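A.B. asks: Please see the structure below; I have some questions.
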Amino acid sequence: LVRFYCDYCDTYLTHDSPSVRKTHCSGRKHKENVKDYYQKWMEEQAQSLIDKTTAAFQQGKIPPTPFSAPPPAGAMIPPPPSI
């Protein structure tokens with residue numbers, strides 16, 4: 001007996017037929033689990049990028065942004081496009 005396992009819902013379907021699988025995958029709970037899975041994955045990716053960037057900055061591999069220091073005397077800063 002081969003049953004279909006849904007990784008998103010962490011559950012086995014009672015029968016593995018195309019109609020049962022389709023019904024499961026179109027259900028509200030399954031869709032919420034898929035959304036939650038990818039939202040969590042995106043948050044982890046963003047946090048990883050933040051951590052790597054912070055570490056590189058602390059090691060001096062990334063210079064401070066040009067806007068962190070005042071502009072040199074006489075330098076013109078263009079106004080925002082809305083003005």
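A.B. asks: So, of the residues in the range 3-13 that are more than 18 Å from LYS35 (Cα to Cα) and open to solvent by 100 Å² or more (accessible area, probe 1.4 Å), which turns out to be farthest from the chain's Cα centre (by Cα)?
C.D. replies: ARG3
A.B. asks: Here's another thing I want to ask about it. Part of a loop (DSSP other than H, G, I, E, B) and either at pLDDT 90 or above or open to solvent by less than 100 Å² (accessible area, probe 1.4 Å) (or both): is that true of TYR37 in this structure?
C.D. replies: Values: part of a loop (DSSP other than H, G, I, E, B): no; either at pLDDT 90 or above or open to solvent by less than 100 Å² (accessible area, probe 1.4 Å) (or both): yes.
No.
A.B. asks: Looking at this structure, is ASP16 on the phi > 0 side of the Ramachandran plot and either open to solvent by less than 80 Å² (accessible area, probe 1.4 Å) or not aliphatic (A, V, I, L, M) (or both)?
C.D. replies: Values: on the phi > 0 side of the Ramachandran plot: no; either open to solvent by less than 80 Å² (accessible area, probe 1.4 Å) or not aliphatic (A, V, I, L, M) (or both): yes.
When the stated conditions are applied, ASP16 does not pass them.
A.B. asks: Please determine, by comparing only the residues of the range 40-83 that are in a loop (DSSP other than H, G, I, E, B) and aliphatic (A, V, I, L, M), which one is modelled with the lowest pLDDT. Don't jump to the end; show me each part of the working.
C.D. replies: Residues of the range 40-83 in a loop (DSSP other than H, G, I, E, B): 59-83.
Subsequent filtering for residues that are aliphatic (A, V, I, L, M) retains 62, 69, 73, 75-77, 83.
Numbers: ILE62: 78, ALA69: 60, ALA73: 64, ALA75: 62, MET76: 62, ILE77: 60, ILE83: 47.
If we take residues in the range 40-83 being in a loop (DSSP other than H, G, I, E, B) and aliphatic (A, V, I, L, M), then ILE83 is modelled with the lowest pLDDT.
The values are calculated or read from the model by the stated rules, or taken from the named source; none is laboratory data. All of these numbers come straight from a predicted model, not from anything done at the bench. Accessible surface is based on the protein model in full, side chains and every heavy atom, while ligands, DNA and RNA are left aside. Shrake-Rupley method; radii C 1.70, N 1.55, O 1.52, S 1.80 Å.
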